[in-house]
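Derivation of every value follows stated rules applied to the coordinates shown; laboratory data play no part. All values reported here derive from a predicted model rather than from experimental measurement. Using ideal geometry, Cβ is built from the backbone for each residue, glycine included, and neighbour counts are taken over all protein chains shown.
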Amino acid sequence: MRELPITVRRSIELLGLVLIAYIIVLGQSIIMPIAMAFFISIVLLPVYQFFVRKRFPEALAIFISILLLAIVVASIVWFFSSQISALVSDFPLIKKNITSHLNSLSAWINTQTKFSTKEQLNLINDQSNKLLNYASGMLTGAAGSVSSTLVFLGLLPIYIYLLLYYKNLLLRFIFLWFPDESHDKVREAILESKVIIKSYLIGLLIQVTYMTILLGVILSIIGIKHALLIAVIFAFLNLIPYVGALIGNIIGVLITLTSSDQLWPILAVLGTIALVQFLDNNILMPRIVGSKVKINALMTIIGVFLGGSLAGISGMFLSLPIIAVLKIVFDRSSILRQWGVLLGDERPTESPMASPAMRSNSQEVQEDIQRKNDIEPPHKD
C-alpha cells in the first residue's frame, strides 16, 4: 500500500484536531461527565480491587467504592457550607468594612482626579443599573447551568459504575483497534497512562489537603478571619494550573477586605499564599507526583484556556491529565511523535538549526533528551 504524502498526513492531523474540538463543543454535556468519570474510576480502581480481593461481589465492590467517594464529596460540601454560613453571619461587619474601604477609595480618587464624591456615586449607580439589567438577562442561562450541573452530578456515579463494571470489555475494544504486532506498545501505553493519571489525581487530593491545612493554620495563627475558607478556596482553585492561583489570590484578598478595615491583613494573606505556593511548587508537589511526565508551561496554559473555552470549568480541571495521556500516546507513535515533543518539557540542549541529530524523529534521540532533562518513565504496575 502506497504511503500518503507528508502534506496530506499533516492536513489530516490538523483536520482531525478541528473535528475533535467541534465534537467536544457540540457534545460537551455528554463527553465531559464520561471523561470525568473515567479519571475518577482510575483513582477508585485500587479501592475496588481491594474489595474484590476480599471476595466481595463485583457489583457490591463498585458500589462501596462510589459510596466512599460520595462520603468524601459530601464532607467537602458540608465544610464549604459551614464556612460560608460563618461568613454570612458576619454580614453587618462586612457591610461596615466595605463602606469604610469605599470611603477611603473615594477620598483617594478625590485627591488624584477631578471626580467629586457625587460624580463617583452617580457613576456607581449608573454602572450598577447596567449590571442589574445584565444579571437579569443571565437568569435564564444560569437556571440552565444549574440544571446541567445537576444532570452532570447525577450521571457521574452511573458512568463510574459502568466504566468499572465493563473495564475488561473496553480494554478489549481498544486492543482490537490495533494489529497484533502493536499490542505490546498499546499495553505499555495503557499501563503508563494508568500510573500517570492515578499518581497525578491522588497527588492533587494530597495537595488540596496539605495546602488547606498549612495555609489555614498559618493564617489562623496570624489572626486572619475566615482563614479556613480562604485556605480551602485557594487549595481547590490551585488545581487549575496558573489561572486558578491568580483567581484564588483575588478571592482571598476580597474575603480579607470584607473582614478587616486595615491593610496589613491583605499583605499577610498574599505573603502567606506566596510562601505556601512556593513550597508546593518547588518542594512538596514534585515529590508527590514525581517527574514521570512533564508538560511545558506554554502548552499547560494554552490547554487550560482551550479546555475552558471548549468544555467550561470541567474542561479546565481535566486539561492537564488529558494532555499527559495524549503525550504518552503521541510518544509511542512514530507518526504523531512530533505532537508529543510539542507538549513535553524535554528541551534540547542544542539548537536543531545547528545540530542535525536534534531534527531526528528517532526514539533514541528522544530518550537521550529525556535523560538530560531528568525525566524518567514511570514504573508500570
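Miscellaneous remarks
- Subset of Lys194/Lys327; Lys167/Lys327; Lys185/Lys294; Lys54/Lys198 violating a 18 Å alpha-carbon distance limit: Lys167/Lys327; Lys185/Lys294; Lys54/Lys198
- Protection proxy ranking for 229-240, 318-329, using the average of other Cβ atoms within 10 Å per residue and placing the highest first: 229-240, 318-329.
- Sorted ascending by nearby beta carbons within 10 Å, beginning with the fewest, Asp184, Asp280, Asp331, Asp345 become Asp184, Asp345, Asp280, Asp331.
- If R0 is 25 Å, the Cβ-Cβ spacing of Lys194 and Leu26 corresponds to a FRET efficiency of close to 0.30.
- The ranking of Tyr161, Tyr166 from fewest to most other beta carbons within 10 Å of each one's beta carbon is Tyr166, Tyr161.
- Residues Lys54, Lys167 arranged by fewest to most Cβ contacts within 10 Å: Lys54, Lys167
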